[in-house]
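J.: Here it is: the structure, laid out below.
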Amino acid sequence: MKDKDKESYVPQQWFQKSDLDMKRSEILINNQDPEGAAFHLQQSIEKSLKGYLISKGWKLQRIHDLEDLLDYAVEFNREIEEFRTLCQEVTEYYIEERYPILISSALTEDEVRTKIGKAKELILKIMQGM
């Protein structure tokens with residue numbers, strides 16, 4: 001395994017990146033950019049879930065669908081099941097940012113702010129389950 005590959009399996013690095021994405025999301029929403037904020041919100045949740053899963057011995061996979069990641073994570077922590085709808089909805093933000101031709105939405109600041117709050121609850125539960 002290459003050194004860079006080994007680094008991919010350090011959960012704390014994933015949580016640090018998640019925290020940075022959450023901060024970016026908050027900066028962008030405070031600057032009236034709900035689309036940018038939503039994309040970084042998706043990235044924050046994805047990295048938290050991957051860090052959590054890696055801490056449980058999960059082999060890193062290229063998955064961006066938060067619901068798929070949640071499926072793996074609930075095997076270790078059933079309490080986070082309550083965030084399934086959030087994961088389903090926020091996954092769309094990644095798709096919209098990457099493939100704008102496929103889906104068009106009119107995200108509102110209020111909607112993204114609400115999801116940022118729920119995502120923080122999810123990440124807190126993930127961290128408590130470590």
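The values are calculated or read from the model by the stated rules, or taken from the named source; none is laboratory data. Because the structure is a prediction, the values reported are computed rather than measured. Here Cβ is always computed from backbone atoms with ideal geometry, including for glycine, and neighbour counts include all displayed protein chains.
J.: I'm trying to understand the selection: among the residues of region 60-89, which are under 16 Å from Q128 (Cα atoms) and either over 14 Å from the mean Cα position of the chain (by Cα) or not β-branched (V, I, T) (or both)?
T.: L70, A73, V74, E75, F76, N77, R78, E79, E81, E82, F83
So that you can scan it fast, the table gives a plain yes or no per residue for (1) among the β-branched types (V, I, T); (2) at pLDDT below 95:
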| site | (1), (2) |
| --- | --- |
| Q43 | no, no |
| K47 | no, no |
| Y52 | no, no |
| S55 | no, no |
| D68 | no, no |
| E75 | no, no |
| I80 | yes, no |
| T85 | yes, no |
| E92 | no, yes |
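J.: Please give the number of the condition E97 fails out of (1) at pLDDT below 95; (2) farther than 29 Å from Y9 by Cβ; (3) among the acidic types (D, E).
T.: (2)
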